[in-house]
Protein chains: 2
Amino acid sequence: MHYSFARRMANLTASEIREILKVTARPEVISFAGGLPAPELFPIEEIKRVNRIVLDEDGKNALQYSTTEGYDPLRDWAAARMNQRLGTELARENILMVHGSQQALDLAGKVFLDEGDVVLCESPTYLAAISAFKAYGANFVEVPTDSMGMRMDALEEILKRTDRVKLIYVIPDFQNPTGRTWSLERRRQLAEITARHEVMVLEDNPYGELRYEGDFLPAVKSFDQAGNVLCMGTFSKIFCPGYRIGWVAGDPAVIGKLVLVKQCTDLQCNTMAQRDIAKYLELYDIDEHIAKIREVYRHRRDLAYRIMMEEFPKSVSFEKPHGGLFMWVVLPEKVNARDVLEKCLQRNVAFVPGGSFFPNGGHENTFRINFSNMPEERIVEGLKLMGQVLREYID
Amino acid sequence: MHYSFARRMANLTASEIREILKVTARPEVISFAGGLPAPELFPIEEIKRVNRIVLDEDGKNALQYSTTEGYDPLRDWAAARMNQRLGTELARENILMVHGSQQALDLAGKVFLDEGDVVLCESPTYLAAISAFKAYGANFVEVPTDSMGMRMDALEEILKRTDRVKLIYVIPDFQNPTGRTWSLERRRQLAEITARHEVMVLEDNPYGELRYEGDFLPAVKSFDQAGNVLCMGTFSKIFCPGYRIGWVAGDPAVIGKLVLVKQCTDLQCNTMAQRDIAKYLELYDIDEHIAKIREVYRHRRDLAYRIMMEEFPKSVSFEKPHGGLFMWVVLPEKVNARDVLEKCLQRNVAFVPGGSFFPNGGHENTFRINFSNMPEERIVEGLKLMGQVLREYID
């Protein structure tokens, strides 16, 4: 059989992260790869209880087909939470539940992108967003980014000279992979500029709740007057990722289109998972739970940063993020992080090389460290080993 | 804001079924629409127990991210079950877990279809498959179908004169919407012809386990020598649909591509749901459970058929299916089933007009009846009301 695959398949290769994750499934590996939450913080006992209650109270509906839009109490919660945290003014009609924010990227791609359309993104950006849009034949233009976020002068410039820009994908809070957070001003400007150019913004916000210092900032979505911003959220980092439940918020006209494509993609989200989460939110104080997560991750961030300062060569640079799960490391220009990874893997330490986070390639002297998943003694051990490799390699 | 949607959005309209389902959510409505399983048969107590055990034994992994391919014990079960029931020879490597078989349709479309490619299907066929492929810009050619399944002479003819045929979508067991089952010979022929023409077959099998009379027949997949048949399965009809867990089986080369696109679509299936189902399969006898479902549905089919014979005008024709969830009704040519539906809805009875099941339109004098979801007294009441409307309308 000669398989005749669609043209788009030429754009897709296995996600490097998920391939590395297969290696890191071995228990002896100290992994700073992936973006895994700390499983010891999952509310296992609480989930057992809410699952029992949901099945007792309304098992027949919890296990049945349901609406594509999602479970209404959960849609209400998502809207209220965003209004409280991100300064938006959303209601149930603005929310579609999805199988993880990854699905929102896929659905948005399906609704907006024709082959050859252009997606703008931060440089670097989230790797699986790149693949999601590449599957619709998108081309990427990376917008220069500094410590305040995407540079608005560069964005205006690119918008002026580039045809067929359909989407701008951004992660303003504790960005993946850099850990950086956009300033308030940049958020406001992005909403203003994109409304003027009639370009859709996809604002990804998986880590926003995980702030370890400073004040919460309003979302780009909160400055959206034109209805051109979609903002995503997820339970993966504040509850657990195994449930694959997230949401996307936007203008009802766009949500309606997303519902249409979700219908023909997988009909609806897992009913039981949505009910479990809604019941948890009803019976427990998720703020208390998130405070616990924040405390543990803040401590891990501080610890990782301290060890890196002590153990990494001076020619290696990195910043301390204000939240989220990641630190971004820049090596001297000639060093290839993939080579460093190979040496590290020999000592059972893993991370993700930075090159894959640039849709148009290059920047092989960078890598990403996740500090949320490993217990503290393994963070220390792993980063010390990494420091050793780096010193051997660089000095 | 002027939204500039992708071209494909012009092909997609709201699923009529899911819009009707919104109406039928009202408890007073007797619904023969949808393809809902009977919720009173969901193993609620068993699910409560397996959920508790999974969380006790391995909660941290059950709630964490996991592999895109799916939970290995569940992949093993799916392979073994198909081998036992459908005469295939599959192993774990042949199986990808998906969010309901609907997702397998979407992923297959993504892997194989470029805009303008052609999908062949039975006439009529499953409505949500039409939308799934339309989302990739596919054109449809309906292959004439008789009581033995797709007509192979017509298929050969169409394959000869049609360019860019990429997929053939079929439901050989208790087809949706007609309830018909393909003969053994047609299955064998389909595998042979498509291998010769190097065209992929998508064999959908959501109802195969629900046989009420006669012998189980081997799947088209069991005759696949070339590796050009993908066969889907689901827990929606034998366990519960709210979990959104199904699978697709195929040649590892194709499964690998499906894994790639699932990665960028939603990363992976719900870990917890996969674990729950696997634990259920380990601790309980699903054959016993399926036997119970079969018994109830067989009885409902017999009852519905009897009432329809008694109450429907003689000019209305329908067949008794050997399994599955649906009966197909053909009205006199001039009668439009949508008008009948309107009258029925006024009396709180619902079904799905048949026109939507024909990708290229027409056949408005047909409709589909689902007999699995309503308890018996409501089946009787609803079909009597429907008979009344039909008599008023036709005679």
Built amide H within the under 5 Å cut-off of A:Tyr65, gap 5+: B:Gly242
Charge sum, other residues only, whose C-beta stays under 10 Å from A:Thr265's C-beta, Lys/Arg counted +1 and Asp/Glu -1: -1
Shortest-first distances to equivalent copies, position B:Asn360, nm, label 7 Å out along Cβ: 4.5
Charge dipole (debye, nearest 20) of the range A:44-283; +1 at Cβ of Lys and Arg, -1 at Cβ of Asp and Glu: 300 debye
Between the range B:52-107 and the range B:354-395, the alpha-carbon center distance in angstrom: 36 Å
Sorted by Cβ density within 10 Å, fewest first, the residues A:Glu377, A:Glu319: A:Glu377, A:Glu319
Which of A:Phe5, B:Leu127, A:Gln102, positive extreme of dipole for the protein assembly as shown (C-beta unit charges): A:Phe5
A:Lys60-A:Asp163 FRET efficiency (beta carbon distance; Förster radius 56 Å; 0.05 resolution): 0.60
Of A:Phe112, A:Phe239, A:Phe174, the one that fluctuates the most in a GNM where chain A has Cα springs shorter than 10 Å: A:Phe112
Rounded to 5, percent antiparallel among DSSP beta bridges of the protein assembly as shown: 55 percent
Length-normalised contact order of the range A:44-283 in % [C-alpha pairs under 8 Å, at least 6 apart]: 28 percent
Placed amide H near B:Gln175: partners under 5 Å, 5+ positions off or other chain: B:Arg180, B:Thr181
Dipole moment magnitude, nearest 20 debye, the range A:264-395 about Cα centre, only Lys, Arg, Asp, Glu C-beta charged: 200 debye
Residues of the range B:43-83 with amide N under 15 Å of the 7 Å Cα→Cβ point at A:Tyr284: B:52, B:55-56, B:59-64
Centre separation in Å (Cα based) which lies between the range B:142-194 and the range A:165-187: 50 Å
Per DSSP, loop trypsin sites (Lys or Arg not before Pro) in the range A:213-306 with at most 11 further Cβ within 10 Å: none
Exercise: per-residue mean of other protein chain Cβ atoms within 10 Å, A:234-244: 5
Net charge, B:Met327 excluded, C-beta distance under 10 Å - Lys, Arg +1, Asp, Glu -1: +2
Cβ-based net charge around A:Leu90, under 15 Å, with every Lys or Arg adding one and every Asp or Glu removing one: -3
Ascending list, in nanometres, of distances separating the A:Glu288 label from those of the other copies (7 Å, Cα toward Cβ): 4.1
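Compute the relative contact order of the range B:1-128 as a whole-number percentage, counting only Cα pairs closer than 8 Å that sit 6 or more residues apart in sequence.
On the way: 45 pairs, mean separation 20.1, N = 128.
Computed over the range B:1-128, the figure is 16 percent.
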Distance from the range B:205-221 to the range B:256-330 (C-alpha centre basis), Å: 11 Å
For the range A:17-166, size of Cβ-based charge dipole, Lys and Arg +1, Asp and Glu -1, in debye: 280 debye
Calculated label separations, A:Gly256, copies of the chain, 7 Å along the beta-carbon direction, nm: 4.4
Cut-off under 5 Å, modelled amide H: who pairs with A:Val201 long-range: A:Ile168, A:Val229, A:Leu230
Virtual spin-label span in nm between A:Glu19 and A:Met309, 7 Å along Cα→Cβ: 3.7 nm
Estimated inter-spin distance, A:Glu89 and B:Asn83, nm [label 7 Å along Cα→Cβ]: 6.2 nm
Cα-based equivalent ellipsoid of chain A: semi-axis lengths in Å, sorted from largest, via gyration tensor: 32, 27, 21
Stretchable slack from A:Asp215 to A:Glu185, in nm (0.36 nm times residue separation minus alpha-carbon distance): 9.4 nm
Label point distance in nm, A:Glu381-B:Ile394, each placed 7 Å from Cα along Cα→Cβ: 7.6 nm
Rg/Rh ratio calculated on Cα atoms of the protein assembly as shown (Kirkwood radius): 0.98
Helical contribution to [θ] at 222 nm, DSSP H n ≥ 4, -39,500 (n - 2.57), averaged over chain A, rounded to 500: -14000 deg cm²/dmol
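The numbers here are math on the coordinates, done by the rules we state, and not lab data. Here the structure is a predicted model, which means the values were calculated and not measured. Glycine gets a Cβ as well: all are built from the backbone with ideal geometry, and neighbour counts include every protein chain shown.
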